[in-house]
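K.L.:
If you scroll down you'll find the structure; I have some questions about it.
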Amino acid sequence: MNFKGKSLLTLLDYTPEEIKHFIDVAKRLKKEKLEGIPHKVLSDKNVVLLFQKDSTRTRCAFEVSAMDLGMGVTYIGPTGSQMGKKESVKDTARVLGRMYDGIEFRGYLQSDVEMLAAYSGVPVWNGLTDLYHPTQILADFLTIEEHFGHLKGLKFTYFGDARNNMGNSLMIGCAKMGMHFTAAAPKHLWPNEALIKTCQSIAKETHATLTFTENPKEGAMHADVLYTDVWVSMGEPKEVWEKRIVLLHPYQVNQNLLNLAKKEAIFMHCLPAFHGKDTEIGLEISSAFGDRYPNVSGGSLEVTDEVIESKQSVVFQEAENRMHTIKAVMLLTLGGK
Ligand code: CP
Ligand code: NVA
């Protein structure tokens with residue numbers, strides 16, 4: 001397998017064997033990090049991180065991984081660069097590609113991350129667009145493997161807004177890795193038809209299955225993994241909250257839903273999550289809608305505090321694994337082993 005020079009824009013571009021290799025290398029790097037074995041093997045390289053949207057995990061995972069690998073790293077936030085305002089993405093790509101060995105991009109348009117990859121001449125890593133979030137899926141799958149020892153054959157259910165970057169990417173990942181993916185969501189929040197078709201043809205090869213249901217209980221029944229994400233994603237207007245609460249409150253992952261899954265099931269969330277009184281938005285939304293929809297009172301929206309704080313929740317292990325998997329992606333695509 002040769003990853004050198006390759007970008008990671010979507011997992012659709014990678015074979016199941018290559019995805020497995022990213023996860024295996026991440027496992028090795030995690031072990032080395034925990035044992036204090038240094039791996040500054042890319043000390044002659046520099047990378048730049050371009051963020052049009054906010055981030056905690058993705059930014060920190062890229063920065064710490066780059067430093068662990070011995071690289072120089074520049075962060076460019078939503079303000080403070082010329083990109084998109086005075087300079088096109090195409091020109092930005094041609095400038096940054098002459099200075100840096102790799103580029104991470106988080107933003108809105110998948111076509112922007114594709115443009116960076118086409119014109120920079122260096123590997124580009126998608127740190128989230130409206131359409132996909134591929135590095136998150138690698139961390140999720142490492143976490144699932146650590147828990148169950150394998151991916152193939154597991155029943156994985158995604159609850160909520162299934163046509164966003166997370167729903168799309170998890171469906172692709174599950175199809176690639178031979179898992180049984182279910183989206184439990186209102187019909188018009190299922191992934192788009194074309195992507196479902198693409199994933200169905202991948203699933204034929206890998207013996208994965210894809211199921212779509214509007215019934216959250218059916219999704220939870222016998223599941224190994226229950227996964228959810230925020231109901232309103234970055235870049236969406238505040239006004240959509242009301243519509244989403246109306247549509248998605250039955251899909252909240254709470255103890256009743258978790259009880260329907262297998263006894264040893266795990267709960268996952270890419271984070272950040274609204275699960276209690278400690279966030280401004282969570283409180284604002286639950287005080288606006290809590291009277292009409294009692295299950296969203298108290299600041300818990302897509303998941304309850306009880307579930308996220310339960311023994312079945314692996315969300316912080318999952319967050320840590322962002323770092324180990326992102327490190328594997330940078331290492332391999334920059335030509336390391
Ligand atoms: N899961 C994730 O991408 O988190 P951040 O938005 O904090 O990067
Ligand atoms: N769907 C979420 C994922 C955050 C990691 C968003 O795009 O905001």
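K.L.:
Which of (1) within 24 Å of Ile245 (Cα to Cα); (2) under 15 Å from the mean Cα position of the chain (by Cα); (3) assigned to a helix (DSSP H, G or I) does Leu138 not meet, given it meets every other one?
P.N.:
Going through the list (1) within 24 Å of Ile245 (Cα to Cα); (2) under 15 Å from the mean Cα position of the chain (by Cα); (3) assigned to a helix (DSSP H, G or I), Leu138 breaks only (1).
K.L.:
Moving to a separate point now. Would you mention how many residues in the stretch 113-139 are of a type outside the set (A, V, I, L, M, F, W, C), surrounded by fewer than 22 Cβ atoms within 10 Å (Cβ to Cβ) and free of Cβ contacts under 8 Å to residues at least 40 places away in the same chain?
P.N.:
Taking the stretch 113-139 and keeping what is of a type outside the set (A, V, I, L, M, F, W, C), we get 114, 119-121, 123, 126-127, 129-130, 132-136.
Retained after the next criterion (residues that are surrounded by fewer than 22 Cβ atoms within 10 Å (Cβ to Cβ)): 114, 119, 121, 130.
Going one step further and asking which of them are free of Cβ contacts under 8 Å to residues at least 40 places away in the same chain, we end up with 119, 121.
Residues flagged as of a type outside the set (A, V, I, L, M, F, W, C), surrounded by fewer than 22 Cβ atoms within 10 Å (Cβ to Cβ) and free of Cβ contacts under 8 Å to residues at least 40 places away in the same chain within the stretch 113-139 amount to 2.
K.L.:
Looking at the stretch 58-71, which of the residues that are assigned to a helix (DSSP H, G or I) and buried (at least 21 other Cβ atoms within 10 Å of the Cβ) is nearest to ligand 2 (Cβ to nearest atom)?
P.N.:
Residue satisfying both the conditions and the ranking: Thr58.
K.L.:
Within the stretch 2-58, which residues are free of Cβ contacts under 8 Å to residues at least 24 places away in the same chain and at positive phi?
P.N.:
Matches in the stretch 2-58: Gly36 only.
K.L.:
Okay, next question. Out of the strands (runs of 3 or more DSSP E) lying entirely within the stretch 152-230, which hold 1 or more residues that are farther than 23 Å from Glu302 by Cα and modelled with pLDDT of 95 or more?
P.N.:
209-213
K.L.:
Given the condition in contact with a strand residue (DSSP E or B) (Cβ under 9 Å, 6 or more places away or on another chain), in a helix (DSSP H, G or I) and β-branched (Val, Ile, Thr), answer yes or no: does some residue in the stretch 103-112 qualify?
P.N.:
Kept after step one, since they are in contact with a strand residue (DSSP E or B) (Cβ under 9 Å, 6 or more places away or on another chain), are these residues of the stretch 103-112: 103-107, 110, 112.
From what is left, the residues that are in a helix (DSSP H, G or I) are 110, 112.
If we keep only those that are β-branched (Val, Ile, Thr) too, we end up with none.
So far as the stretch 103-112 goes, no, none of its residues is in contact with a strand residue (DSSP E or B) (Cβ under 9 Å, 6 or more places away or on another chain), in a helix (DSSP H, G or I) and β-branched (Val, Ile, Thr).
K.L.:
Among the numbered criteria (1) more than 14 Å from ligand 2 (Cβ to nearest atom); (2) closer than 22 Å to Leu11 by Cβ, which one does Val95 miss?
P.N.:
Condition (2) is where Val95 drops out.
K.L.:
What residue, among those in the stretch 268-287 that are more than 16 Å from ligand 2 (Cβ to nearest atom) and touching a residue at least 12 places away in the same chain (Cβ under 8 Å), is surrounded by the most Cβ atoms within 10 Å (Cβ to Cβ)?
P.N.:
Ser286
K.L.:
Return only the number of the condition from (1) modelled with pLDDT under 95; (2) on the phi > 0 side of the Ramachandran plot that Leu271 does not satisfy.
P.N.:
Against the list (1) modelled with pLDDT under 95; (2) on the phi > 0 side of the Ramachandran plot, Leu271 comes up short only on (1).
K.L.:
Which pairs have Cβ atoms under 9 Å, sit 6 or more apart or on different chains, and link a residue in the stretch 164-185 that is on the phi < 0 side of the Ramachandran plot and away from ligand 2 (no atom under 16 Å from the Cβ) to one that is modelled with pLDDT of 95 or more and of a type in the set (Lys, Arg)?
P.N.:
Close Cβ pairs satisfying both conditions: Met177/Lys20; Met177/Lys152; Met179/Lys152; Met179/Lys155; His180/Lys155; Phe181/Lys155; Thr182/Lys155; Ala184/Lys217.
K.L.:
Related question: Can you pull out the residues in the stretch 29-54 that are surrounded by 14 or more Cβ atoms within 10 Å (Cβ to Cβ) and within 21 Å of Asp101 (Cβ to Cβ)?
P.N.:
Answer for the stretch 29-54, where residues must be surrounded by 14 or more Cβ atoms within 10 Å (Cβ to Cβ) and within 21 Å of Asp101 (Cβ to Cβ): Leu29, His39, Val41, Leu42, Lys45, Asn46, Val47, Val48, Leu49, Leu50, Phe51.
K.L.:
Here's a follow-up. Which of the residues that make up the stretch 201-248 are within 16 Å of ligand 2 (Cβ to nearest atom) and touching a strand residue (DSSP E or B) at 6+ places or on another chain (Cβ under 8 Å)?
P.N.:
Correct list: Tyr227, Thr228, Asp229.
K.L.:
Same structure, new question: Consider Leu248 carefully, then state whether it is part of a helix (DSSP H, G or I), under 24 Å from the mean Cα position of the chain (by Cα) and more than 27 Å from Gly127 (Cα to Cα).
P.N.:
Here the answer is no, as Leu248 does not meet what is asked.
K.L.:
Output the residue which, of all residues in the stretch 233-244 that are assigned to a loop (DSSP other than H, G, I, E, B) and free of Cβ contacts under 8 Å to residues at least 40 places away in the same chain, is farthest from ligand 1 (Cβ to nearest atom).
P.N.:
Glu239
The values are calculated or read from the model by the stated rules, or taken from the named source; none is laboratory data. Note that the structure is a prediction, hence the values are computed from the model and not measured. Every residue, glycine as well, gets a Cβ built from its backbone with ideal geometry; the counts of neighbours run over all protein chains shown.
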